[in-house]
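Here, each number is a calculation from the coordinates, and none is a lab measurement. Quantities reported herein were computed from a predicted structural model and do not represent experimental measurements. Cβ: placed from backbone, ideal geometry, glycine included. Neighbour counts: every protein chain shown.
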Amino acid sequence: MFNIIIVESDAQLRESLMHCLTLSGFRAEGVSSGLDLFKRMAVQPFDAAVINIGLPDQDGWSIIEYLRQNSQTALAVLTANNRLEERIRYYEAGADLVFHLPVECRELSAALTNLCKRLSSHSNKTDPLSLPKQETTTAYTHWQLDHTQWDLIAPNGKAVHLTPKEMQLLSSLAQKPGEPVHRDALMNALGYNGQKGSNRNLDTIVRRLRRKVEEGLGVQVPVQTVHTIGYLFSAPIEV
């Protein structure tokens, strides 16, 4: 049984899609915002995500691009815009499927079934010619924060060394993965609270950390901006 998460702000449509996909044999659940999506994905892996591009709190494009670069989750986009140029843009951002609203649930279910089966079959196949001959790399299913070595270890097994401020920032975010941490709490943890330019210093640390991880590990660090609140770590992490 495949796990599906539906990201749709309209409660009636969300419930309808959940009901249809559940009857089709999926284990389906729904959330109403991008923030709720990141919270759920921090603790529960999903085979596919069905995302309405027009979300109230997050840029749908950013969500698609982020999930494509940082997860193996299949992505289906729901959109009210059926122009060819827009559909191409969705595919270029990383979508696997694009459906024009209102969507026919039977068609969505059939497409998701085939996509999930194909991806599952592909992930279970191993090409013996691609296996390393003399060297192996430790595989992780989540991020790790090593307080002894001051390293952040990505799911691909690669590590990047952290500065004291970066370590403190990630330690604060890792206490509750998927839960937003207020800017004031982060600035206090970093020793910036009450200082002039504290907000700017916090944002600078996050920006440099994102660049360091992307350049050093080849992936994006799952530190997400939560508008008007602060930041959250949107993936499972072990401290």
Taking Cα atoms, the helix 11-23 axis meets the longest principal axis of the chain at an angle in degrees (rounded to 10) of 70 degrees
To the nearest 0.05, how large is the calculated FRET efficiency for Ser121 and Leu101 if R₀ is 25 Å and r is the Cβ-Cβ distance?
0.25
As I understand it, the value is the acute angle between the Cα axis of helix 105-123 and the longest principal axis of the Cα atoms of the chain; what does it come to in degrees, rounded to 10?
50 degrees
If a cysteine in the chain has no other Cys Cβ under 4.7 Å from its own Cβ, put it on the list, ordered by number.
Cys116
Kirkwood Rh (inverse of mean 1/r, distinct Cα pairs), region 143-238, angstrom
13.3 Å
Among all lysine pairs in the chain that are eight or more places apart or on different chains, how many have alpha carbons less than 18 angstrom apart?
5
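How do Ile4, Ile229, Ile205, Ile63 rank when sorted from fewest to most other Cβ atoms within 10 Å of their own Cβ?
Working: Ile4 27, Ile229 12, Ile205 19, Ile63 22.
The most exposed by this proxy come first: Ile229, Ile205, Ile63, Ile4.
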Take Thr22, Thr79 and order them by how many other Cβ atoms sit within 10 Å, fewest up front.
Thr22, Thr79
May I ask for the longest run of the chain untouched by trypsin sites (Lys or Arg not before Pro) that are loop-located per DSSP and have at most 14 neighbouring C-beta atoms (other than their own) within 10 Å?
1-82
Given the options Leu101, Leu55, Leu115, state which has the largest fluctuation in a GNM of the chain using a 10 Å cut-off (strictly under) for Cα springs.
Leu101
Who wins for biggest fluctuation among Thr225, Thr73, Thr204 in a Gaussian network model of the chain, springs between alpha carbons below 10 Å?
Thr204
